[in-house]
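Let me begin by presenting the structure, written as structure tokens, before commenting on it.
The values are calculated or read from the model by the stated rules, or taken from the named source; none is laboratory data. Everything quoted here is computed from the prediction, not taken from an experiment. For neighbour counting, all protein chains shown are included, and Cβ atoms are generated from backbone atoms with ideal geometry for every residue, glycine included.
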Amino acid sequence: MDRVILFNKPFGVLSQFTDKGTEGSRRPTLSGFIDQPKFYPAGRLDKDSEGLLVLTDNGALQARIAHPKYKRPKTYWVQVEGAPDAVALNTLRKGVELKDGKTAPAGVTQIEAPAQLWPRDPPVRFRKSVPDAWLEITIREGRNRQVRRMTAHVGLPTLRLIRAQIDGWALNDLRPGAWRWASETGG
């Protein structure tokens, strides 16, 4: 039976179990939170992103979760700088032309700050003179820093990025740094 772990990756933690950085500059990794042998992340979140990371002990399942050819939906809560307008939202929905090609259409909705949101350490910078907003963005790709590049392209730089769901697996009430077992099928 394949085993699946759902982990809420805190800001600043690498999506790997070891840091190959120079001695004395080690950054926090998954090993500081998960003590289960032979588990590997299915996909990545950069160190500046937070939220759901799925880990499994089965390589085939890991590939089915992470590989873009399977087009599993990934949903993010994105705090952006600026006030989104219909043009920006529709551009994101239709796909954005990035340096590595046009993105696939995305599901995009402006939302209130998520109710289960936790404080970030360090806090997101706040400027009284510049509004911010929250978007829920669902993509079926997984390019490097894709959501951040998409929002920047439409003039809405990302301030905070939290992955809330991968396919049927969701963060729900999982707190940062905590993990729980999940079923293979998701949910």
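Here GLY82 fulfils each of the conditions (1) within 16 Å of the chain's Cα centre (by Cα); (2) surrounded by 14 or more Cβ atoms within 10 Å (Cβ to Cβ) apart from (1). If you go through the stretch 128-170 and keep only what is of a type in the set (Phe, Trp, Tyr) and closer than 16 Å to LEU45 by Cβ, you end up with just TRP169. Of all residues in the stretch 125-144, those being part of a loop (DSSP other than H, G, I, E, B) and out of contact with any helix residue (DSSP H, G or I) (no Cβ under 7 Å at 6 or more places or on another chain) number 10. Pairs linking a residue in the stretch 172-183 that is outside any loop (DSSP other than H, G, I, E, B) to a residue that is polar (S, T, N, Q), with Cβ atoms under 7 Å and 6 or more positions apart or on different chains, do not occur.
Please work out if THR91 is at pLDDT 95 or above, under 18 Å from GLU50 (Cβ atoms) and not acidic (Asp, Glu). No. Annotation note: of LEU55, LEU92, LEU61, LEU45, the sole residue that is crowded, with 21+ Cβ neighbours inside 10 Å and either in a helix (DSSP H, G or I) or acidic (Asp, Glu) (or both) is LEU92.
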